[in-house]
1. Looking only at the range B:144-157, count every residue that is out of contact with any Phe, Trp or Tyr (no Cβ under 7 Å at 6 or more places or on another chain) and surrounded by fewer than 23 Cβ atoms within 10 Å (Cβ to Cβ) and tell me the total.
2. What pairs come up if the first residue lies in the range B:256-270 and is without any contact (Cβ under 8 Å) to a residue 60 or more places away in the chain and among the aliphatic types (A, V, I, L, M), the second is crowded, with 17+ Cβ neighbours inside 10 Å and not in a helix (DSSP H, G or I), and their beta carbons are under 8 Å apart, counting only those six or more places apart or on different chains?
3. Checking the conditions here, which among B:Arg172, B:Arg134, B:Arg163 is assigned to a helix (DSSP H, G or I), of a type outside the set (Gly, Ala, Ser) and closer than 30 Å to B:Asn265 by Cα?
4. Looking at A:Arg68 and the list (1) modelled with pLDDT of 85 or more; (2) more than 7 Å from every other protein chain (Cβ to nearest Cβ); (3) touching a Lys or Arg at 6+ places or on another chain (Cβ under 7 Å), which single condition is not satisfied?
5. Between B:Ala290, B:Ala327, which is within 19 Å of B:Thr123 (Cβ to Cβ), in contact with a Ser or Thr (Cβ under 8 Å, 6 or more places away or on another chain) and either touching a residue at least 40 places away in the same chain (Cβ under 8 Å) or among the hydroxyl-bearing types (Ser, Thr, Tyr) (or both)?
6. Please give the number of the condition B:Trp178 fails out of (1) closer than 19 Å to B:Glu60 by Cβ; (2) free of Cβ contacts under 8 Å to residues at least 60 places away in the same chain; (3) aromatic (Phe, Trp, Tyr).
7. Output the residue which, of all residues in the range B:163-180 that are over 14 Å from the mean Cα position of the chain (by Cα) and among the hydroxyl-bearing types (Ser, Thr, Tyr), is farthest from the other protein chains (Cβ to nearest Cβ).
8. Could you list, in sequence order, the residues of the range B:95-117 that are in contact with a Cys (Cβ under 9 Å, 6 or more places away or on another chain) and either assigned to a loop (DSSP other than H, G, I, E, B) or at positive phi (or both)?
Amino acid sequence: MREWLGVSYVPHQLIIFISNVDRLFAMWQAVYPDSYVNATAVNGNSYTTQSGTILDQYSRMTCFLLQRMSSANAKQLSLRFITTPKAPFGPAQAFVT
Amino acid sequence: MVRPCSSKHIFVLSLCFACSLALPWPLSKIYSKNINARATPATIAITGIAAEGPLRARLEIRTLQQNPDQWNLYLLAMQAFQAMNQSDPMGWYQVAGIHGVPNIPWDNVQANPNAGGAVGYCTHSSVVFPTWHRAYLALFEQAFYACVQKVVATFPAGTLRDRYATAALALRIPYWDWAQIPPVGQSAIPASITTKYINGLVTPTGVQNNVINPLFRYTFHPLNGSDMLYNPWASWPITYRYPNSDNSVTAVSQPSLLTSVFDSNLRSIREGVYNMFMLCDDYAFFSNDAARSSSAGCYTSLEGIHDTIHNFIGGTNYGHMTWLWWAAFDPVFFLHHA
């Protein structure tokens with residue numbers, strides 16, 4: 001992120017304008033666009049997923065079945081659902097790739 | 001602060017936020033689910049708000065509150081959302097229930113017979129924590145917006161309805177920025193979330209005062225104890241935050257204690273966010289709280305920080321927000337996650 005901002009030190013108040021879960025995710029995606037859902041075994045069961053199952057960005061997420069929702073799709077969802085009007089990043093849809 | 005899993009509630013040891021590595025109990029032996037139901041196709045498309053026009057911003061809750069029409073409409077829509085029939089798949093109860101209890105299929109998506117009878121579709125401690133909850137929010141926002149439109153239609157034709165129809169165009173679910181330095185003299189938890197009653201609510205039948213704030217709690221209607229599986233949640237008719245008791249039907253939320261505890265920890269929350277952005281450059285570590293051998297310097301994660309918010313709000317006696325199974329019934333859940 002320091003490289004992305006072109007400075008060696010980023011004061012707290014510059015970064016922490018906006019923070020809650022999905023928004024932080026969108027902001028993080030903007031800062032680190034090359035790192036996304038790594039294929040990993042899940043820890044613990046959920047209603048539909050057995051512990052140890054390897055999930056990657058193309059795994060279908062339940063119970064959102066109808067349009068085959070996956071993490072890859074959710075990456076694009078941010079274009080439609082996530083917007084961030086406040087500084088310093090500006091509208092999120094402009095920086096989420 | 002990450003709340004440790006207390007032996008006091010050992011039966012839900014695996015269910016508290018940040019503790020899902022402590023799995024698994026043979027939950028399938030505790031209760032059963034009909035996993036052999038005939039496969040029926042899913043029917044509900046997750047579209048978010050499929051409205052024409054430009055993208056609209058989700059606003060910080062304190063910003064949204066500055067627009068009186070949007071704020072009034074937001075409260076009315078939350079009221080209407082929560083009042084929907086508890087059997088309606090797009091109503092509050094069923095949408096919240098996707099995350100945990102009731103332990104039933106949503107939209108015909110059946111349980112995995114090899115998943116040990118786990119409760120809830122939500123994924124935690126995994127790389128799909130951020131993405132699953134993003135899709136979940138899209139569904140929530142879609143259901144919320146249907147309520148917005150219903151509410152607008154309940155106003156008699158005329159100037160007022162036109163005003164709310166205009167306000168609805170740009171209304172999206174707000175978020176609560178819990179790492180923001182609050183305005184001087186205010187808590188980091190906005191009063192709009194912690195105040196029990198609202199006054200001056202404009203409704204189709206006139207202005208109402210002393211209305212239960214739909215951001216303060218959800219009232220089960222009715223409470224179905226068997227859906228909630230365990231006490232005290234099975235006997236709590238409303239959602240609680242930082243309750244003063246962990247097993248009593250007379251428990252009450254303690255908003256003033258919650259706000260003081262939260263404010264005392266605001267700095268550590270902010271530092272966690274800062275650390276995450278500066279040093280968590282690998283999605284594997286950024287995304288979830290189970291990546292224990294973190295990369296150098298990255299000592300937290302999006303999910304880890306998110307866990308602490310859940311645990312603060314649930315408090316020392318484990319209100320609904322503390323546990324995966326019950327958390328999403330509390331209206332603050334979606335303000336936290338948005």
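1. Here the count works out to 8.
2. B:Leu257/B:Tyr242; B:Leu257/B:Gly315; B:Val261/B:Tyr242; B:Val261/B:Gly315
3. Numbers: B:Arg172 fails: assigned to a helix (DSSP H, G or I); B:Arg163 fails: closer than 30 Å to B:Asn265 by Cα.
Just one listed residue meets the conditions, B:Arg134.
4. (1)
5. Numbers: B:Ala327 fails: in contact with a Ser or Thr (Cβ under 8 Å, 6 or more places away or on another chain).
The conditions single out B:Ala290.
6. (2)
7. Step by step, filter the range B:163-180, then rank; the result is B:Tyr164.
8. So the first thing to find is which residues in the range B:95-117 are in contact with a Cys (Cβ under 9 Å, 6 or more places away or on another chain), and the list is B:98-100, B:105-109.
Matches in the range B:95-117: B:Gly100, B:Pro105, B:Asp107, B:Asn108.
The values are calculated or read from the model by the stated rules, or taken from the named source; none is laboratory data. If you're wondering where the values come from, they're calculated on a predicted model, not measured in any experiment. Cβ: placed from backbone, ideal geometry, glycine included. Neighbour counts: every protein chain shown.
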